[in-house]
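Step one of this worksheet: look at the structure below.
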Amino acid sequence: MSELSARGYANPDVLTSTDWVAEHLNDPSIRIIESNEDPLLYGTGHIPGAVEVDWVRDLNDPLRRDYLDRAGFEALMSRIGVTPEMTVVFYGDKNNWWATYAFWVFQLFGHTKAKIMDGGRLKWEKEGRPMTREIPSYPPTRYIAQERDDRRIRAFRDQVLEHVQAGLPLVDVRSPAEYTGERLHMEQYPNEGALRGGHIPGAKNVPWATAINPEDGTFKPAAELRAIYQEEQGLKPDDDVIVYCRIGERSSHTWFVLKYLLGFENVRNYDGSWTEWGNLVGVPIER
Amino acid sequence: MTSLDGYPPSLEKILREFSQITDRYERAELLISYAGQFKGVPDEIASRPYPEEHRVPYCESEAYVWAVLQPDRTLKLYFAVENPQGVSAMAMAAILDRTLSGLPPERIAAVSPEIVLKIFGQDISMGKGQGLMGMVSMVQKIARQLSTVQPLQRGQYLAGGDYL
């Protein structure tokens, strides 16, 4: 049994180890994708053969607050040389924060052959594995995507309001200071335009990085995750859960943990998050 | 490119360089090359733990700024970036030092944080953009403070109240 399988996750196949990635660097059925917060980090060195997907330039609509559409996703996949049959393996900085965000966006288009490299960039670097500054070039592919399907894993504000009114569970993955309204943003991060502080009524506060071993960026074993989300917070795998943060990036990490590592069936990420809810007129807020 | 007129010449030159870039990897390469020129604040100017009043608000890379007024009433800028993966902050610090050190404080105080968008591109994320603009704003603020200060006999004054 592999080390990842031994951790007891509901879907262990959605994670890969750094060893596995090192063994598949030249596997043509695999595309390794780095997604970081700092757009310059990839250029300073990355896993050999890895392409970059930038959350702002590649995943967001340049005009509207929304994600790329089907044509945009097809163009992205063509540019990075991915076919529908290929497996994409995401990794990145900040405990795979942005890697899970990219993973989540890819799932909106149904590219289910996707994995996260456990530990991300931090673990790969700590293990002294090879890095290169060479930008790989792959022949463009013809990728036919399905229409973006927001229904299963994405929540919008009206749905969140109905969710609150129905008394269903939400998880606020921001810092405790943001949750209580003491801060309108993460410490040392800018206030991205929220007029009110606090949290969506009924939301439980579990900061996203609670799921991570900070020394190497790996996910905690299932038993520890269950203790955090199920025993301490009372969430159940068959609950209908909405997660949120400030713009939906940190919460994509918790979405990944609940859905894949703990096997929750119905988890949606509210990407409007606090920058939308904290500005909406008339919606309920708790502090 | 009249929109770049009015900047200090060395900054204008760099802004023109970036204005001609359309490829994201080319822009990243140039920024990384500047980041490679970054030199942290020397111990004789500041040592850890760095004082909070020198910390750049909203910068997730934990950047700090100092300025020293020289006998000729120009400023020498110093930066620290505590996040070793804060490549963007290092690039910004190197560019600010390279283009603004050696200018009088009034000239430095007139440089707008908007240069971040000209250097990093309009599609920079809001969070990253505000953090980097915070660095320029901090430089502006210190330069304004020092614009009214006369150099000491020994020739140096540190923003934030520390004399050398």
**Message:** Looking at residue A:282 and the list (1) surrounded by fewer than 23 Cβ atoms within 10 Å (Cβ to Cβ); (2) assigned by TED's automatic domain parsing to the domain that holds residue A:181, which single condition is not satisfied?
**Reply:** (2)
**Fill in**
Condition set within 11 Å of chain A (Cβ to nearest Cβ) and among the aliphatic types (A, V, I, L, M), scope region B:34-80, selection farthest from the chain's Cα centre (by Cα): answer is B:35
**Asked** Filtering region B:45-62 down to residues that are among the aliphatic types (A, V, I, L, M) and over 25 Å from residue A:41 (Cα atoms), which residue is surrounded by the fewest Cβ atoms within 10 Å (Cβ to Cβ)?
**Response** B:45
**Test for residue A:254: is it among the polar types (S, T, N, Q), within 28 Å of residue B:62 (Cα to Cα), touching an Asp or Glu at 6+ places or on another chain (Cβ under 6 Å) and crowded, with 17+ Cβ neighbours inside 10 Å** = no
**Message:** Which numbered condition in (1) among the hydrophobic types (A, V, I, L, M, F, W, C); (2) in contact with a Leu (Cβ under 7 Å, 6 or more places away or on another chain); (3) not assigned by TED's automatic domain parsing to the domain that holds residue A:93 is the only one that residue A:166 fails?
**Reply:** (2)
**Request:** Would you please list the contacts, defined by Cβ atoms under 6 Å and residues six or more apart or on different chains, that run from a residue in region B:41-61 that is on the phi > 0 side of the Ramachandran plot to a residue that is assigned to a helix (DSSP H, G or I)?
**Result:** B:58/B:130; B:58/B:131; B:58/B:134
**Request:** Give the residue that is farthest from the other protein chains (Cβ to nearest Cβ), with candidates limited to residues of region B:120-146 that are touching a residue at least 60 places away in the same chain (Cβ under 8 Å) and over 16 Å from residue B:56 (Cβ atoms).
**Result:** B:146
**Request:** Could you pull out the residue among B:84, B:42 that is surrounded by fewer than 20 Cβ atoms within 10 Å (Cβ to Cβ), at pLDDT below 95 and not in a helix (DSSP H, G or I)?
**Result:** B:84
**Prompt:** Of all residues in region A:136-176, which are within 17 Å of residue A:203 (Cβ to Cβ) and small (Gly, Ala, Ser)?
**Reply:** A:155, A:166, A:167, A:175
**Request:** Being part of a loop (DSSP other than H, G, I, E, B) and within 14 Å of chain B (Cβ to nearest Cβ) is the filter here, so list the residues in region A:25-44 that pass it.
**Result:** A:35, A:36, A:37, A:38, A:39, A:40
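Would you say residue B:11 is crowded, with 20+ Cβ neighbours inside 10 Å, assigned to a helix (DSSP H, G or I), within 14 Å of chain A (Cβ to nearest Cβ) and in contact (Cβ under 8 Å) with a residue 24 or more places away in the chain?
no
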**Message:** For region A:51-63, check the following and say yes or no: at least one residue is touching a residue at least 60 places away in the same chain (Cβ under 8 Å), farther than 17 Å from residue A:116 by Cα and among the hydrophobic types (A, V, I, L, M, F, W, C).
**Reply:** no
**Message:** From the list A:53, A:82, exactly one residue is among the aliphatic types (A, V, I, L, M), within 14 Å of chain B (Cβ to nearest Cβ), buried (at least 20 other Cβ atoms within 10 Å of the Cβ) and farther than 17 Å from residue A:148 by Cα. Which is it?
**Reply:** A:53
**Prompt:** Restricting region B:109-119 to residues that are among the hydrophobic types (A, V, I, L, M, F, W, C) and away from chain A (no Cβ under 12 Å), which is surrounded by the fewest Cβ atoms within 10 Å (Cβ to Cβ)?
**Reply:** B:110
**Qualifying residue in region A:88-108 (condition: more than 23 Å from residue B:91 (Cβ to Cβ), without any contact (Cβ under 8 Å) to a residue 60 or more places away in the chain and in a loop (DSSP other than H, G, I, E, B))** = no
**Prompt:** Scanning region B:20-39 for residues that are crowded, with 16+ Cβ neighbours inside 10 Å and aromatic (Phe, Trp, Tyr), which turns out farthest from residue A:39 (Cα to Cα)?
**Reply:** B:38
**Fill in**
Among A:78, A:2, the single one that is outside any loop (DSSP other than H, G, I, E, B), among the hydroxyl-bearing types (Ser, Thr, Tyr) and over 19 Å from residue A:153 (Cα atoms) is A:78
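The values are calculated or read from the model by the stated rules, or taken from the named source; none is laboratory data. Small disclaimer: the values here were computed from a predicted structure and weren't measured. Cβ sites come from the backbone with ideal geometry, for glycine too, and all protein chains shown count toward neighbours.
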